[in-house]
Amino acid sequence: MTDVIVGSVTRIIDSASFKISVAYYRDSNATEYKDNETIRIAGLDNSTLNEDDSLKAKKALEQKLNGKSVKCTIQERDAKGRIVAKIQVL
């Protein structure tokens, strides 16, 4: 079974990642999670964006996610320790 965490978005870092205050995690999760985690949205690659487009994408993400509750279906942790997850706004 895939790990799932739910919480409120507290800060947008860039056009593909954000901080979450974890409010819920499934008891059957295989991994333990901290109260605050950094999430990278699965399937988004901002490395090809120029600076202006990256800033626009970050602002768009802020409008969609900042302060909202999200469900994160976890795929893995990346080399930087961020959780890579599919997200759903609740």
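Where a number appears in this text, it was derived from the coordinates with a stated rule and is not lab data. This one's a predicted model, so the numbers in the text were calculated from it and none came from an experiment. A quick note on method: Cβ atoms are made from the backbone with ideal geometry, for glycine too, and the neighbour counts reach across all protein chains shown.
With respect to the chain, whose longest principal axis is taken over its alpha-carbon atoms, helix 51-65 is tilted by about 40°. Ranked from largest, the principal axis spans of the Cα set of the chain equal 42, 26, 17 Å.
Neighbours of SER21, meaning other residues whose beta-carbon lies under 11 angstrom from its beta-carbon, give a summed charge of +1 when Lys and Arg score +1 and Asp and Glu score -1. Residue exposure proxy: GLU37, GLU51, GLU76, ordered by other Cβ atoms within 10 angstrom of their Cβ from fewest to most, comes out as GLU51, GLU76, GLU37. For the range 12-70, averaging the sequence separation of C-alpha pairs within contact (under 8 Å, six or more residues apart) and dividing by the residue count gives a relative contact order of 45 percent. Label-to-label distance, ALA79 versus ASN50, with points set 7 angstrom from Cα along the beta-carbon direction: 2.7 nm.
Each residue in ARG82, ARG11 was given a count of other beta-carbon atoms within 10 angstrom of its own, and listing them fewest first yields ARG11, ARG82.
Residues whose amide H lies under 5 Å from that of LYS86, counting only those 5 or more places away or on a different chain, are ALA42, THR73, GLN75; hydrogens are built 1.01 Å from N in the peptide plane. 3J(HN,Hα) along the range 43-49: x, 9, 10, 8, 5, 8, 7 Hz, from the Karplus curve 6.51 cos²θ - 1.76 cosθ + 1.60 with θ = phi - 60°, whole Hz, x for Gly and Pro.
Label zone of ASN36 (point 7 Å out along Cα→Cβ, amide N under 20 Å): in the range 70-90 this covers 70-72, 78, 80-85.
Between ARG26 and LYS64, what is the label-point separation in nm under the 7 Å Cα-to-beta-carbon projection? With each label point 7 Å from Cα toward Cβ, the separation is 2.3 nm.
So how do LYS64, LYS19 line up by other beta-carbon neighbours within 10 Å, fewest first? Spell out each step's value before the answer.
Values: LYS64 12, LYS19 16.
In increasing order of surrounding Cβ atoms, one gets LYS64, LYS19.
Which value, in debye to the nearest 20, describes the size of the charge dipole of the chain about its Cα centre when Lys and Arg Cβ atoms bear +1, Asp and Glu Cβ atoms bear -1, and nothing else is charged?
On the way: 15 positive and 13 negative charges, 47 e Å.
For this selection, approximately 220 debye.
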